[in-house]
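Comments concern the structure below.
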Amino acid sequence: MVCITAITLDIPLSAIGVGILLPALGVYVIYVEDRRNISPEDRINNAYRTALVERFDTPLLYTSLASIVIYQAITLFFAIGLASTSRTGLALLIAQLPLVFIYTYDDSKRYPVIDSAYVAVVWAVLIFLPIFLSTTLRVTMPTVAVFMAWFAIIFAGVESRNVNDITGDDEVNRATVAAILGPRRTKYLVVSLKTAGLGTIYGLGGVLPALLTVVYLLYLSLCSVN
């Protein structure tokens with residue numbers, strides 16, 4: 001997603017360098033800690049996964065800690081190189097989003113739309129973080145449009161997964177958009193949001209980033225994590 005964003009905004013991939021690892025490290029920490037914090041619906045919707053997480057809790061904790069240390073080290077490395085003090089402070093603040101997310105996501109689960117929107121915002125920010133750190137990227141209409149494109153695609157992905165969790169979510173009274181709309185209407189919503197996001201990327205970057213986005217979404221679909 002970082003590569004697609006860079007191509008869409010005509011930013012050299014070489015400029016990003018090792019910063020391209022930041023989103024992967026941040027998301028890894030978020031997912032591992034979220035899985036380790038087992039919720040009642042997890043035991044219903046994903047019993048096998050929950051058993052694996054409980055079995056390998058200690059190794060997961062160590063890999064999570066290692067990831068966050070590397071993540072912070074890379075962020076600090078880039079932040080020190082920024083010419084603007086205010087930009088450095090902002091970058092370091094934004095980089096803490098994964099940690100903030102870990103401790104606040106459960107509260108967002110109480111409200112439909114809010115939880116999926118929260119995930120989409122954090123993921124979209126992490127996509128832009130390495131580009132923000134390694135280039136002179138500014139907030140412009142194209143950057144906002146690409147941000148919103150990823151927001152739409154990620155929001156759709158969250159609700160697509162929520163369709164499979166409707167049973168468990170209903171049992172613990174967790175209202176998601178998918179639970180409210182039902183599987184069929186959620187599918188229409190998912191397709192519409194992903195199409196809108198893809199169309200935006202195509203409109204700004206042309207065929208290559210749009211094609212890469214399609215390939216990426218197909219890959220996620222095959223992995224059943226879209």
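Some points to look at:
- Tally, over the range 8-26, of residues that are closer than 24 Å to T200 by Cα, modelled with pLDDT under 95 and β-branched (V, I, T): 3
- When each of T58, T50, T88 is tested for being in a helix (DSSP H, G or I), open to solvent by 40 Å² or more (accessible area, probe 1.4 Å) and polar (S, T, N, Q), the lone residue that passes is T58.
- Restricting L133, L126, L65, L76 to residues that are at pLDDT 85 or above, over 24 Å from V158 (Cα atoms), buried (at least 17 other Cβ atoms within 10 Å of the Cβ) and aliphatic (A, V, I, L, M) narrows the list to L133.
- Any chance R161 is within 18 Å of the chain's Cα centre (by Cα) and open to solvent by 60 Å² or more (accessible area, probe 1.4 Å): yes
- Taking the criterion of being over 15 Å from A6 (Cβ atoms) and either surrounded by 14 or more Cβ atoms within 10 Å (Cβ to Cβ) or modelled with pLDDT under 95 (or both), the residues of the range 196-210 that qualify are A196, G197, L198, T200, Y202.
- The residues listed here are D42, D106, D115; of these, the one that is assigned to a helix (DSSP H, G or I), open to solvent by 60 Å² or more (accessible area, probe 1.4 Å) and not β-branched (V, I, T) is D106.
The values are calculated or read from the model by the stated rules, or taken from the named source; none is laboratory data. Just so it is clear, the model here is predicted, and its values are computed rather than measured. Don't worry about glycine lacking a Cβ; one is built from the backbone with ideal geometry, like all the others, and counts go over all protein chains shown. Just the protein is used for accessible areas: all its heavy atoms, side chains included, with ligands, DNA and RNA removed. Shrake-Rupley method; radii C 1.70, N 1.55, O 1.52, S 1.80 Å.
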